[in-house]
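Below you'll find the structure, written out as structure tokens, and then a few comments.
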Amino acid sequence: MELLTEAALPDREQGMPKYRRSVPVGNRPITSMGIAQARLPDGGSINLMRVMQTNACSLSCGYCPTYCGGKVPRATVSPEEVATTFMDVNRKGLAQGLFLTSGVPGRPTRATDRMLATLEVLRRREGFAGYIHVKLLPGAETAQVEAAARLATRISVNLEGPTDAHVRTLAKEKDLTGDLLPKLELAGRLYREAREEGGPGPRGSTTTQFVVGAVGEKDREVLGLVARLERQRLLHHAHFSAFQPVVGTPFEGFAPTPAARESRLYQAEHLLREYGFGVEELTFETGGNLPLDHDPKTAWALANPERFPLELTRAPLELLLRIPGIGPKTARTLVQTRRHTVLRDLRDLRRLGVDTVRAGFYLTLRGRRLATAPAPHQLRLFAPGDHLTQAPFRTPVPPCAYR
């Protein structure tokens, strides 16, 4: 179990490190069982036990140390062992949810059946009704996707890349348009229909992941695919993993991807999902990637100066969301507050949550512009990522296994 949960420790989600506590399980720290604290959208947190059913694998993913030729220790745990271990830590109050993934040792349908058997034990025999996230494997069958939707709170199908060519370069056995994408869309439809019908049925959502920077994919391509899936309500959100070379993998000699690119993709995806932006509105560099020097909203604002400044006392919600330094919660608060309160100056705006350093240049308050120039651009000594070591790192598990 320690070997198969090791990837949980350094994981990052949405560009932010996970919080972890060293709560003992017997005489071992909580992290030895893959238990890490994940943040929730409402600001709370949940402890997840994250484990691979097996790290044996017959796929050739070039970024992954557990690929078919990888020289790493192999281990497998049975459905009974995963379920028993999880219920033990759950009853102790140490983990409220499970994240289950697996390598693909041989036939993917057989490996998927083992994961589904784990979920069956937890749901049917143990009566566990909490959060379960299962990562479906390449090659899973339609019936297995349907079974997972009945048992899991969240399903992820990692697309890895935006086109067939990119995905096949990452792993020649994987098929984007013939396998991965249809399975993700199927899971998304099952959950969407259950929400719309409102009756008994699966309740959950889907996620996916992209390996960024290894094989030349463009941010525009990635975000275009994500936007389509989210617009059709087939995808809750996407994860982006900046490629990092690992010793002993086929991609060991490839250049690492700056973490700033991962962060920009997360920011852009939030603009698409929560701010009403379209992919065609985002600002891309000539090569098709997001600029690294500015966050995507600021880059859009600088590229569209004719839209500003906006009068704070009259601007509608959808335009307030376009202003750097104003998020959805703050924008709604501003619209509600200005109905019955006179906003006088920057101090009033700061009390409402406005980042006035970033937002001031794009706003007027009763005709008076709140800043005469955009927020100063921070100078860099190094290009993004160049201040970090360029050497590959060592890990016996995929760096992005638990997204």
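Each value in this text was obtained by applying a stated rule to the coordinates, not by laboratory testing. Quick caveat, the model's predicted, so the values are computed rather than measured. Methodologically, a virtual Cβ is constructed for each residue, glycine included, from the backbone with ideal geometry; neighbour enumeration extends over all protein chains shown.
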* Output the peptides 65-77, 129-141 sorted from most to least packed, where packing is the average of other Cβ atoms within 10 Å over each peptide's residues. => 129-141, 65-77
* Asked: Expressed as a fraction of 2.2 N^0.38 Å, the rule-of-thumb size for a compact globular protein of N residues, what is the C-alpha radius of gyration of the range 304-369?
  -> 0.97
* Asked: By how many degrees, 0 to 90 and rounded to 10, does the Cα axis of helix 79-91 deviate from the longest principal axis of the chain?
  -> 50
* Structure fact -> Restricting to lysines and to Cα separations under 22 Å from Lys174, and discarding same-chain partners fewer than 8 apart, the set is Lys71, Lys135, Lys183, Lys218
* Asked: Kirkwood hydrodynamic radius for the range 257-338: how many Å is it when counted over pairs of different Cα atoms?
  -> 13.5
* To do: May I ask you to sort Tyr266, Tyr362 by Cβ crowding, counting other Cβ atoms within 10 Å and putting the fewest first?
  => Tyr266, Tyr362
* Give the peptides 94-103, 250-259 in descending order of average Cβ contacts within 10 Å, highest first. => 94-103, 250-259
* Structure fact -> Scoring the chain by relative contact order with C-alpha pairs under 8 Å, at least six apart, yields a percentage of 14
* Which residue, chosen from Ala194, Ala140, Leu225, occupies the Cα position most advanced towards the positive end of the dipole of the chain, where the dipole is computed from +1 (Lys, Arg) and -1 (Asp, Glu) charges on Cβ about the Cα centre? -> Ala194
* All-pairs Cα distance distribution in the range 265-403, expressed in whole percent, bin size 10 Å -> 10, 35, 29, 16, 8, 2, 0
* If we count other beta carbons within 10 Å of each Cβ, what is the order of Glu120, Glu160, fewest first? -> Glu120, Glu160
* To do: Please report Cys61, Cys400 as a ranked list, fewest other C-beta atoms within 10 angstrom at the top and most at the bottom.
  => Cys400, Cys61
* Relative contact order (%) - the range 282-403, alpha-carbon pairs under 8 angstrom, separation at least six -> 21
* Please determine, in degrees from 0 to 90 and to the nearest 10, the orientation of helix 328-337 with respect to the longest principal axis defined by the Cα atoms of the chain, where the helix direction is its Cα long axis. => 40
* Taking Cα atoms, how many degrees apart are the long axis of helix 219-231 and the longest axis of the chain, rounded to 10 and kept between 0 and 90? -> 80
* To do: Give the cysteines in the chain for which no other Cys Cβ lies under 4.7 Å away, or write none if there are none.
  => Cys57, Cys68, Cys400
* Structure fact -> With Rg from the Cα atoms and Rh as the Kirkwood inverse mean 1/r over Cα pairs, the range 158-240 has an Rg/Rh of 1.02
* To do: Normalise the Cα radius of gyration of the chain by 2.2 N^0.38 Å (N = residues in it) and let me know the number.
  => 1.06
